[in-house]
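Have a look at the structure below before the remarks.
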Amino acid sequence: MSFLKPLTRTPRSRWTTSTLRTLATEASTTRPARDCTRITPPYAKLVSNLEKVKRVLDNRPLTLSEKILYSHLTNPEEVKPVRGQTYLKLSPDRVAMQDASAQMAILQFMLAGMPTTAVPSSIHCDHLIVGHKGAEQDLVNSIENNKEIFNFLQSAAEKYGMSFWKPGSGIIHQIVLENYAAPGLLMLGTDSHTPNAGGLGAIAIGVGGADAVDAMANIPWELKAPEVIGIKLTGKLNGWTSPKDVILHLAGKLTVRGGTGHIIEYFGPGIDTLSCSGMGTICNMGAEVGATTSLFPFVNSMSSYLHATGRGPVAEAARQHANFLRADEGAHYDKVIEVNLSDLEPHINGPFTPDLATPLSKFAEVVKKNGWKDEVKVGLIGSCTNSSYEDMDRVTSLAKQAVEKGIKSKAGFFITPGSEQIRATIERDGQTGVLEQVGGVVLANACGPCIGQWTRDDLNDKEENAILTSFNRNFKNRNDGNATTMNFLTSPELVTAMSLSGKLTFNPLTDPLIDASGNEFMLQPPYGDNLPQNGFIPGNLSYTPPDISQPNPAIQINVDPKSTRLQVLEPFGPGPVGEFENLQVMLKVKGKCTTDHISAAGPWLKYKGHLENIAHNTLNGALNADNEQVNVVKNVFTGKEGAIHEVGREYQALGKPWIVVTDHNYGEGSAREHAALQMRYLGCPLILARSFARIHQTNLKKQGVLPLTFADPADWEKMHGGDVIESTEGVADLVAGRPGKNDTPEGGEILLNVRRPDGEKYVIKALHTMSKDQVEWFRKGSALNAARG
C-alpha cells in the first residue's frame, strides 16, 4: 500500500522579493461549500435538551461551557448538574485520533465487537513522521519505517467506516479545525491538545483511547462537571504581541495545575479582535495549565473561517443559533481573570516547564542571571499550536525584511506547516520561498520535533543548548532526547526574530540586527492576513478521505503474532473483591512526573501498538526520591537495583503487587493512556499521589488502577520505597457498593496501614474520587471489561 503521491506545485506567488504589504486584511474569498451534513451539530436537539436541564436548574444563567455540556447529556431530565461534584453522562458528537494513540484505541475497539462506530470518527497520521532533512524525504522514510502501522490503521478505518487522513495530510488539530470543528460541538480526541477546536467554539476534550472507545461504542462518556474559569479579554493585540502571548501569560498566572477540574471560557470585547486560528492557539495550550478544555463563543471570525474552509452551511446554522453559542447574561464564573490585550507584552516560557513565564523585556536579564549561553541553536515554528496561514504569513513578513537586507537565520530554522492545505497555500502565495531564502527548512506536515520525532545533526551528545519554538510543551528530553536542551516556548514571530539574531538575549523591540553591509537595522513589527486573500487550495487530495466514509465489514484486520509493533490485547483480570493486602511500595517519585516521564515518546512511539514492548520504558524518566536517581529502584527481595520496569516484572513474577507514591500533578501533559496501561500491565493496582492531572487520573481508572490522593499532602514525606501497605480499609466497601467512611459527593476515604522495613507502623489517610460507574470498572478490572459484561 502506497501513501505518497507527487506533491502538486503551483507557481503563483504574492510574496515576491519586490512585494511588501503594509496592511493585514481578512480574506474575501471562500471555498465551494462541502457536504456538511455530518459535521453540523444537531442544534435543534441540543437547544431542546438544554431547555430540559435549565428547568431543573430553575432557569439560572449558564456559561457557554455549561450550555454545550448539558445539552449533550445522554438523559437530560435525569440529572441536576453541580459543578465540581456531579458526574455527567454525555453523548459526544465526534472522535478524532492521532496515529500513535489510535493504535491502542483501535485494538480496544476491536474487542467491542461492533460493525462500525456510533459517531463519526477519524484517524490522523501525524505523530510517526520524523523531522530531519526536509518534507519530501522525511515523509518517504517515515512511511517506509511505519508501513505496518499505517496499513493497520487504514484497514481498521475502512472496516469500521472511519475517515483516514494519510501521512502528509497534516497535524490532527489543524485538520480538525479545517474540516470538523464547529461551534457547539462536543468532541473527544486522543491527544491532550484536542482543545484547539475551542477556537471554533467547540468543547473538544483530550482523552485516552478507552474514553474514545466509549464514544465510538455508544457508551455514555463520563465527566465530572467542571468548574469554569472566565477569562475576560479587553483591548486589542498590537505590535509584536500575538495570540500565543495570551496563553503564555495565563500559564504563568495559573501554573500547570491551576486549570485542573476547570474549563477555561473566554469572553469580553477583546474576543472580537482575534482571528479564529489565533483563538485556536490560545485554546490549544490551555492543556498546559491542566484545564479540561478551553473555548470561545461564536464570533464573526469563526464564521469567516468556516466559509473560507468550505463550511458555509455550518456557519449559517450557527448564526441561527447564536444565542445558544454564547454565555447567558449574568452567568457565574468560579474565577475571573482579566487580560487587557492592549497592554500585554510578548512572553517567553521555560525552560523545562510551560508555566515559567517571562515577559520579553525581562528575558535577557534572566538569561544572564542563569548563566545560559547567549545563543539560539535552533528555531522551530509550526506544531499544532502555531501552524496556521496567519502564523506563516506573519513570520514571512519578518523573513522578507531579512532577505531584503541580505541576511539569513544565524540559528537552524525549521518550519512545519499544519496541514497539506496550509503547505499548498503558502507555497502558492510565496511564503515558503521567502522562508527558504532566509535559511528555513520546511518539514513534513506533521508533529515532528514537537513530539520528539526529530533527528538532529547539529549537536554533540548532552551538549547544553537553547532552542526557541512555537510549540506548546517543553519538558526535559521531549524534543530531541537530550536532557540539556532548553526549549523556550514563544510565538512564531519571536522564534523567527531571535533565530535571525542567533542570540538568546535578543529583543526585536529594542535591539538592531546587522545587514549584509554591516549596518544596523530594526525589524518592523510582524503583520499578515488571517486568511488567504485568494482562498485556500487543498494541495494533494490523495491524502484526504471522502466527506463520508462507509464501513466495509469484508476488510480483514490482521496482526502478525511475531510483530514487534502491534500486539492483540488480552483483557485484564478482575479487580479486588476485598481489601488490598501487602502492597509493596516500589518507588517514591520526586518532583515533576509527566506522561513523558511515565511513558516516553520519541523513539518509543514505534511501540505504541505493542503493550509488552512499550512497557520497557515505564517510568524511565522518573526521579526516585530515595536515591536521587532516575529509573533506578531496589528490589527488596533480591537486594539488587534495576530499572523500574525490570523490578516491576520481577515483583509481578513473584506475585507481589506493587504501587508508586508520587508528587503533585502526576501524569501532567499528554493524553497517552499507555502511561496507565503499562502500570496495570506490570502489576500495579494503585497509585498514591499528592495530586493528579485530570486525563491521567481518568486513564488509570479506565484500566482498573485505583488513583488515591493523600488527604494531607505533607504525608508524602512519610512514605518511602520499601514500605509495605499491609492492608487497606475502605476498598472492600468501595467494590461492594457500600457507603464508606466519610464519603462525600466528591468521593470517599481509604486508610492505608503501612509498615516500614524496620517494623515501624503508621497510617496514611487517602482519598478517592470514584463514581459508581468507575467503581464498576475497578471491580471488573477495566472499563472495557465492564462494557463487555
Review point. Mind checking the log10 I(q)/I(0) for segment 288-432 at q = 0.13 Å⁻¹? Debye, one equal scatterer per Cα, no solvent, two decimals.
Key: -0.94
Check your understanding: What do you get for Rg/Rh over segment 218-268 if you use C-alpha atoms and the Kirkwood form of Rh?
Key -> 1.11
Review point. Can you pull out the GluC sites (Glu not before Pro) in segment 435-506 that DSSP calls coil and that have at most 16 other Cβ atoms within 10 Å?
Key: 463, 464
Study note, to complete from the structure: So, with points 7 Å from each Cα along the Cβ direction, the residue 300-residue 369 label distance in nm works out to 4.3 nm
Practice item. For segment 531-641, just say rounded, prolate or oblate: build the C-alpha gyration tensor, square-root its eigenvalues into a ≥ b ≥ c, call rounded for a/c under 1.5, and beyond that prolate if a/b exceeds b/c, oblate if not. Key: prolate
Exercise for review: Restricting things to alpha carbons, find the Rg to Rh ratio for the chain using the Kirkwood radius for Rh.
Suggested key: 0.96
Review point. How high is the relative contact order of segment 697-789, in percent, with contacts defined as C-alpha pairs under 8 Å that are six or more residues apart?
Key: 36 percent
Review point. Which of the residue pairs 476/562; 159/608; 702/741; 147/772; 80/590 have a Cα-Cα distance greater than 31 Å in the structure shown?
Key: 476/562; 147/772; 80/590
Point to revise | Loop-located chymotrypsin sites (Phe, Trp or Tyr not before Pro) in segment 181-275, at most 14 other Cβ atoms within 10 Å (DSSP) | key: none
Point to revise | Footprinting exposure proxy for 677, 237 (fewest neighbouring C-beta atoms within 10 Å first) | key: 237, 677
Revision key, fill the gap. Measuring from the longest principal axis of the C-alpha atoms of the chain, the long axis of helix 360-370 (C-alpha) lies at a number of degrees, nearest 10, equal to 60 degrees
Check your understanding: Full extension from residue 361 to residue 316: what is 0.36 nm times the residue separation minus their Cα-Cα distance, to one decimal in nm?
Key -> 11.8 nm
Review point. Say the dipole of the chain comes from +1 at the beta carbon of Lys and Arg and -1 at that of Asp and Glu; which of 313, 194, 566 then lies farthest toward its positive end?
Key: 313
Exercise for review: Round to a whole angstrom and tell me the spacing of the C-alpha centers of segment 243-267 and segment 717-781.
Suggested key: 33 Å
Point to revise | Assigned charges on the beta-carbon of Lys, Arg, Asp, Glu; segment 347-541 dipole about Cα centre (debye) | key: 400 debye
Study note, to complete from the structure: At the level of C-alpha centres, the distance separating segment 579-632 and segment 440-501, in angstrom, is 24 Å
Check your understanding: Please state the relative contact order of segment 581-788 as a whole percent: Cα pairs under 8 Å, 6+ residues apart?
Key -> 21 percent
Practice item. Would you mind calculating the relative contact order of the chain from Cα pairs under 8 angstrom and at least 6 residues apart, reporting the percent as a whole number? Key: 15 percent
Exercise for review: Kindly identify segment 615-741 as rounded, prolate or oblate by the Cα gyration tensor criterion: order the square roots of the eigenvalues as a ≥ b ≥ c, call it rounded if a/c is under 1.5, otherwise compare a/b with b/c, prolate if a/b is larger, else oblate.
Suggested key: rounded
Check your understanding: Placing +1 at every Lys and Arg Cβ and -1 at every Asp and Glu Cβ, with all other atoms neutral, what dipole size does the chain have around its Cα centre, in debye to the nearest 20?
Key -> 700 debye
Exercise for review: Would you pull out the residues with amide H under 5 Å of residue 454's amide H, same chain only if 5 or more places away, H placed 1.01 Å from N?
Suggested key: 131
Check your understanding: Applying 1/(1 + (r/R0)^6) with R0 = 51 Å to the Cβ-Cβ distance of residue 232 and residue 761, what FRET efficiency is obtained, to the nearest 0.05?
Key -> 0.45
**Study point:** 5 angstrom amide H check on residue 225, placed H, neighbours 5+ away
**Key:** 84, 85, 86, 87, 88
**Study point:** Under 13 Å, Cβ to Cβ, from residue 574 - net charge with Lys/Arg +1 and Asp/Glu -1
**Key:** +3
Review point. Using alpha carbon centroids, what distance separates segment 409-424 and segment 646-693, in Å?
Key: 38 Å
Check your understanding: If we count other beta carbons within 10 Å of each Cβ, what is the order of 596, 211, fewest first?
Key -> 596, 211
Study note, to complete from the structure: Helix 147-160: inclination vs the chain longest Cα principal axis, degrees, rounded to 10, gives 80 degrees
Revision key, fill the gap. Going fewest to most other Cβ atoms within 10 Å around each Cβ, 447, 593 line up as 593, 447
Check your understanding: Over 32 Å between Cα atoms, which of 368/462; 362/606; 133/373 qualify?
Key -> 362/606
Point to revise | Helix 43-56 axis, angle to the chain major axis (alpha carbon atoms, nearest 10°) | key: 50 degrees
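Readers should treat all values here as calculations from the given coordinates under stated rules, not as data from a laboratory. Just so you know, these numbers come straight off a predicted model, no measurement behind them. Neighbour counts run over all protein chains shown; Cβ positions are idealised from the backbone, glycine included.
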